[in-house]
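To keep things clear, I will list the structure first and then write my remarks on it.
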Amino acid sequence: MKSPVLAFVRDNSAFLATGALLSFLSGFGQTFLISVFGGEIREAFGLSNGDWGLIYMAGTGLSAFVMVFAGGLADRFRVRVLGVAVVLMLALACFAMAFNPWAAALPLVIFALRFAGQGMTSHVALVAMARWFIATRGRALAIATLGVMSAEALMPLSFVWLKSHFDWHHLWVVAGLFCLACLPVLYRLLRLERTPQQAAESSSTLGIGQRHWTRAQVLRHPLFWSLTPALMLFPAFGTAFWFHQVHFAAIKGWNHLSLVAVFPLGTVTFGVFTVIYGWAIDRFGAVRLLPIYLLPLVAGFSLHAYAPTLGWTAAGVMLMGMAGGGQSTILNAVWAEFYGTRHLGSIKSAVAALMVLGSALGPGVTGWLIDRGVGFETQLYGFALSFVFAILVMLVPVRTAQIALAAAA
């Protein structure tokens, strides 16, 4: 008997591979990789934890601001054009990190990496999946997310090992060359992009009130703002954890490579729950799953704070992976369910801007607190409590929207 999942992957392999490849390449602008070089960057430019955190916050914050305007390009240009352009930008950003000699230019280099990588490359991938697929949207998002999951599993451990054999600047040159090598692959995958009929079919997905919402309408809707804590807190504190991994290993008395070695456990969990949540979205809808996916973070960050041994943090990393599977699929599917797909690119650009802003604030604020004597372990307990708040804030608005969607159906 033919597996429907295998048939789905086979029939849509080029489109799914496009999403996964773009998602993987976003890893070069993600904190889980950039933070691996935190020690070398601070030493090369004479920066404290707080200085480096503030520079990272400035560059990432600028990325969030530009994303508000640039994200809407996904509604105007085909992936064949926009995807190739942002990967080229990402390659140039990697070269900038390799060859930049000035501390004053670091915020701009971080901006380029974060905007092209974490911002636009992942944005194009996820908007394409949400728009190209309807009944199988959850599965498509899950498969595309396997790209960044693979990057998270492979890049930190590989680059920490490579740093012991090669100069760190050279590794960023390799990253840029790898992005350039992927350009013809990406263009080849999209030689037959989704047909106009399929695009029109995707655009028929309506949101609350059986209509397509514009970004301006979404930004006036209380439901959107009730989800803002969830949008910002996970990127903020997840990024802070990865960003300060060298400091975290030091205060725990662990070898950095030993800490990085447990990260793939979280990545595997991330992958498993990405698939689980992708199936659950197609089965139950993303809206029903929203209030529960943050719960593992409450336990995960508490374990990190307590962690007397590396095993406790390994469990915390796996709990973060569980929540990450929900963040990458549920939030990217829920905007189509709530607000329709016609203006999905511009709506998602506002979402992406908030998430990038969260990832900007996290390292900067936590680094500033570290410099002023607030222990990182104490901060981790605060992170855990913040997710309880995020869950409580969304409960009533999400339930109201769920009722409205059910009534319309």
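For a quick check: sort MET318, MET120 by the number of other beta carbons within 10 angstrom, fewest at the front. Ascending Cβ contact count within 10 Å gives the list MET318, MET120.
Spatially, region 12-70 and region 320-360 are offset by 17 Å when compared through their Cα centroids. In a Gaussian network model over the chain where Cα atoms closer than 10 Å are linked, find which of TRP172, TRP254, TRP279 has the largest mean-square fluctuation. With Cα springs under 10 Å in the chain, the top fluctuation among TRP172, TRP254, TRP279 is at TRP254. Electrostatic tally near LEU369: other residues with Cβ closer than 15 Å to its Cβ, Lys and Arg +1, Asp and Glu -1, net -2. Mean projection of the Cα convex hull over all viewing directions, computed for the chain: 19.0 nm². By the count of other C-beta atoms within 10 Å, a proxy for reagent exposure, THR366, THR309, THR267 are ordered fewest to most as THR309, THR267, THR366. Exposure proxy shown here: for PHE69, PHE45, PHE32, the number of other Cβ atoms within 10 Å sets the order, fewest to most, as PHE69, PHE45, PHE32.
Using the Cβ of THR274 as centre and a radius below 14 Å, the other residues enclosed give a net charge of 0, where K and R count +1 and D and E count -1. With contributions of -39500 (n - 2.57) from each DSSP H run of at least four residues, the per-residue ellipticity at 222 nm computed over the chain stands at -26000 deg cm²/dmol. Ordering 221-231, 181-191 by mean Cβ neighbour count within 10 Å, with the highest value first, yields 221-231, 181-191. Think of the chain as a dipole: +1 on every Lys or Arg Cβ, -1 on every Asp or Glu Cβ, centred on the Cα centre; then among VAL334, LEU385, PHE111, VAL334 lies furthest on the positive end. Under a Gaussian network description of the chain, with springs only between Cα atoms under 10 Å, the residue in GLY316, GLY382, GLY345 that fluctuates furthest is GLY382.
Bear in mind that the values in this text are calculations on the coordinates, not laboratory data. On a predicted model such as this, the values are computed, not experimentally measured, just so you know. All Cβ positions, glycine included, derive from the backbone under ideal geometry; neighbour counts span all protein chains shown.
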